[in-house]
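The values are calculated or read from the model by the stated rules, or taken from the named source; none is laboratory data. Since this is a predicted model, take the numbers as computed values, not measurements. Here Cβ is always computed from backbone atoms with ideal geometry, including for glycine, and neighbour counts include all displayed protein chains.
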Amino acid sequence: MDLALALLGAFALVVVSAAFSGTEVALFSLRRLDREQMARSGRPADARVLALIARPKRLIATVLIGNETVNGSLVVLALGLVARYLTPMSALASAAVAAAMVIPVVVLLGEVTPKTLALKAPSSWARAAAWPLTLFFWLVSPIRFFVHGASELLLGVLGVSGRPRPGKDLTEEEFRSLLDAGSAQGQVDQRERKLIHRVFEFADKNVGQVMTPRDKIFAVSYDLPTGRLAKEVAARGFSRVPIYQKSLDNIRGVLNAKDLVGVATGAAPAPAGRTLAEMLHEPLFLPRTTPIKRAFLLFKQKKVHLGIVVNEYGGVLGLVTLDDVLGQLFGALRDEREALQASGKRGRGGRTPVPGLVVGSGLTPPPGSLSPVEAPAPAVPDPAEAAAPSDPAAGVASAYAAALGAQAEALAAPATRAGAGDVVADGAPVPITDADTGPSGPNRTSKAGQP
């Protein structure tokens, strides 16, 4: 056997082995999105790829027949070279030397390298290998028929069904790819794309990843006098505050700021004569590894907006709020006051106008007689002005209309625009005052470090 010819043959066998290995990975790594794009392309190579993967059991049998035949031929060639060119030795020694020569080459050049390359570009590799593999597919049909029958017989003996399973639904990766492709083509809005991505990420996070850490928690000592405690809470503007005794690791409960109405200003010693202990709500303790999906369900079940994150020893690690959890889905949440301040719009007297609709109290105005007007956004009322109930702008206008009594019929006339804060009906301006939603309105969820 000529040495040069033998080495050339060995090189060719390694190349063919690499081709089979890479093709196997490329064809079975095609995603559903890749297959759909191939189906729409109309290219002959793409049609051939789809025809091959449409029969996966025959395909895998064909690839394995080719790959194992090539690797076996490489071993036989190596044994021949050892027997001819090395010192005569026993059969066992010759086999060991041949294996030492073949195994590293096959593993490195015939398996790992081509499969890695095929994973990086499965579509391109599959197109390049489609026609040669189709030819080989038909050439080995008799052998494949025998192998397929033998495998079915063996599976039957083992009690395993050889029937393919029904096709599975889209995987998360495939869905994300479809979503990104739709967004790139303008079929999916960017905000919708981000929201859907957050939905997938929502189930993968725990409260330890989204909590406010211990050193940034605003909490108040249980031993403070009620008046001072109320001033501390009012100064920070949080709607819910943890109350501890002696140490932050000893949380007595959670205080709602609305329960302290009137205490900070001295208008009342304590709401309805209740003590601080009676005003506290039972805290919700959450292990650091609690999934935020589970935390959300607990918030909903127990009707709370704040949880204390603890370690395995009961020590406080941080604080998580409903806003923190929802923020993972919808992004950073801002309360109404922050949104109005960020808009930069100001009306008369430093107030911010928002759209409103004047509705007559108990009146049925004719169609088209009322039009949207600018009404002031919720803000702290001027002490010099008359107090108004905490209603939306349209509700406040309705209250004024009811108070006018007989003059309320004037609202049936078409309303006209006036300055921000006024509604003009039949030539008579009706002032609209602001609704009180201070920095810690009853619906605002506390988030440490952001009053």
**Asked** Before we move on, is Leu13 in a helix (DSSP H, G or I) and modelled with pLDDT of 90 or more?
**Response** yes
**Message:** Among the residues in the stretch 84-93, are any more than 14 Å from Phe20 (Cα to Cα), surrounded by 14 or more Cβ atoms within 10 Å (Cβ to Cβ) and in contact with a helix residue (DSSP H, G or I) (Cβ under 9 Å, 6 or more places away or on another chain)?
**Reply:** no
**Message:** Being farther than 25 Å from Leu5 by Cα, out of contact with any Cys (no Cβ under 7 Å at 6 or more places or on another chain), of a type outside the set (Val, Ile, Thr) and surrounded by 18 or more Cβ atoms within 10 Å (Cβ to Cβ): is that true of Leu59 here?
**Reply:** yes
**Request:** Using the structure shown, decide if Ser73 is free of Cβ contacts under 8 Å to residues at least 60 places away in the same chain and out of contact with any Cys (no Cβ under 8 Å at 6 or more places or on another chain).
**Result:** no
**Message:** Among the residues in the stretch 32-51, are any within 37 Å of the chain's Cα centre (by Cα) and on the phi > 0 side of the Ramachandran plot?
**Reply:** yes
**Item:** Looking only at the stretch 129-143, and only at residues there that are aliphatic (A, V, I, L, M) and within 17 Å of Ala18 (Cα to Cα), the one that is farthest from the chain's Cα centre (by Cα)
**Value:** Leu133
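Matching residues to (1) at pLDDT 80 or above; (2) exposed (fewer than 11 other Cβ atoms within 10 Å of the Cβ); (3) closer than 30 Å to Val320 by Cβ:
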| residue | (1), (2), (3) |
| --- | --- |
| Ser124 | yes, no, no |
| Arg127 | yes, no, no |
| Leu155 | no, no, no |
| Gly167 | no, yes, no |
| Arg176 | no, no, yes |
| Leu179 | no, no, yes |
| Arg198 | no, no, yes |
| Lys205 | yes, no, yes |
| Gly208 | yes, no, yes |
**Request:** Look through the stretch 231-252, keep the residues that are crowded, with 17+ Cβ neighbours inside 10 Å and small (Gly, Ala, Ser), and return whichever of them is nearest to Pro287 (Cα to Cα).
**Result:** Ser239
**Asked** Only one of these conditions is not met by Arg32: (1) touching an Asp or Glu at 6+ places or on another chain (Cβ under 7 Å); (2) at pLDDT 90 or above. Which number is it?
**Response** (2)
**Prompt:** From the list Phe20, Phe11, Phe28, which residue is touching a Gly at 6+ places or on another chain (Cβ under 9 Å) and among the aromatic types (Phe, Trp, Tyr)?
**Reply:** Phe20
**Item:** Residues of the stretch 176-229 satisfying the condition of being assigned to a loop (DSSP other than H, G, I, E, B), within 30 Å of Asn250 (Cα to Cα) and over 21 Å from the mean Cα position of the chain (by Cα)
**Value:** Ile217, Phe218, Ala219, Tyr222, Asp223, Leu224, Pro225
**Request:** Give me the pairs, please: first residue somewhere in the stretch 297-320 and in the same structural domain as Arg214 (by TED's automatic domain parsing), second residue anywhere and at pLDDT 90 or above and aromatic (Phe, Trp, Tyr), beta-carbon distance under 6 Å, and either six or more positions apart or on two chains.
**Result:** Ile308/Phe285; Val310/Phe285
**Request:** Evaluate the following for Asp34: is it assigned by TED's automatic domain parsing to the domain that holds His148, within 21 Å of Leu135 (Cα to Cα), touching a residue at least 40 places away in the same chain (Cβ under 8 Å) and not aromatic (Phe, Trp, Tyr)?
**Result:** no
